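Notes to accompany the following structure.
The values are calculated or read from the model by the stated rules, or taken from the named source; none is laboratory data. Please read these numbers as outputs of a predicted model, since none were measured by experiment. Cβ atoms come from the backbone with ideal geometry, glycine included; neighbour counts cover every protein chain shown. For the accessible areas, the whole protein counts, side chains as well, though only heavy atoms, and no ligand, DNA or RNA atoms are used. Shrake-Rupley method; radii C 1.70, N 1.55, O 1.52, S 1.80 Å.
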Amino acid sequence: MLNFTDLLPYTDVFLGGLMTTIQLTVLTTVLGVLVGTACAAIRQYGDPVSQRVVAAYVELIRNTPFIVQLFFIFFGLPSIGLMLSPWQASVIALTINLGAYSTEIIRAGLSNIPKGQWEAAKVLGMNFRQTLTRVVFTPAFEKIYPALTSQCIIVMLGSAVLSQISVQDLTYAANLVQSRNFRAFESYVVTALMYLGLAMLMRYIFSLIGKRFFAYREAP
């Protein structure tokens, strides 16, 4: 018989796991998008050598399981003397993963910018950096913003595997609770609902950010 009241003594455990998941999500979303933006610019406008390096990085990450990437960073790198804590390994793994996927998403936006935008910026006397930051990136991000926000949410949901290296996130909390009170069904239902709520909250926050950031487009 179901009994969710048995979970009440573990409220702090669930909330602690939720906070860890939120902290990792916020940090790696910012870092991952920055990495993706830089790599997309290189992939689109860089020299051939740097383009091939970025392309290899993107293909490697996109065609290997995230958990293998995580294990390689946490368990594999110590064999060459690079010791990382579970938190550090998680941040690196999530950032690298989101960076690879966001690279292709952002590059798609950059490739759709009309050449006329570049020509107009050149006429105005803008240099390459000014053209990217003031003319290219804003309309490019507007085009790919929904896809990019969805990818950030997917990475947040994928962070559930971080419990495999003892990161005390939301999934770790669920595993801990069900191992103590044997209420597996109740524990994972609550955890699933918390992930659902977090995903919906992220989508709402991204929507507010998008409306504010691209408000100039709505001006008459």
Who wins for biggest fluctuation among Ile67, Ile96, Ile209 in a Gaussian network model of the chain, springs between alpha carbons below 10 Å? Ile209
What aspartates and glutamates sit close enough to Lys211 to cross-link, taking a C-alpha to C-alpha distance under 14 Å and skipping anything fewer than 8 places away on the same chain? Glu142
List the residues of segment 127-170 whose backbone N lies under 13 Å from a point placed 7 Å from the Cα of Val68 along the Cα-to-Cβ direction. none
Assuming a viscosity of 1.567 mPa s and a temperature of 4 °C, what translational diffusion coefficient in µm² per second does Stokes-Einstein assign to segment 87-220, Rh being the Kirkwood radius over Cα pairs? 73
Mean ellipticity per residue at 222 nm, deg cm²/dmol - from DSSP H runs of n ≥ 4 across the chain, formula -39500 (n - 2.57): -24500 deg cm²/dmol
On average, how much accessible surface per residue is there in segment 88-220, in Å², for a 1.4 Å probe, leaving out ligands, DNA and RNA? 54
Run the numbers on the chain and let me know its relative contact order in percent, using alpha-carbon pairs under 8 Å that are six or more apart. 30
Determine the dipole magnitude for the chain: charges of +1 sit on the beta-carbon of Lys and Arg, -1 on that of Asp and Glu, nothing else is charged, the reference point is the Cα centre, and the result goes in debye to the nearest 20. 700
Heavy atoms of Ser179: accessible area, 1.4 Å probe, square angstrom to 10: 60
Per q in 0.14, 0.26, 0.29, 0.32 Å⁻¹, report the Debye log10 I(q)/I(0) for segment 93-139, using one uniform scatterer on each alpha carbon and no solvent. -0.42, -0.89, -1.00, -1.10
Using alpha-carbon positions, the gyration tensor of segment 71-119 gives root eigenvalues a ≥ b ≥ c; with a/c under 1.5 called rounded, otherwise prolate if a/b exceeds b/c, else oblate, the class is prolate
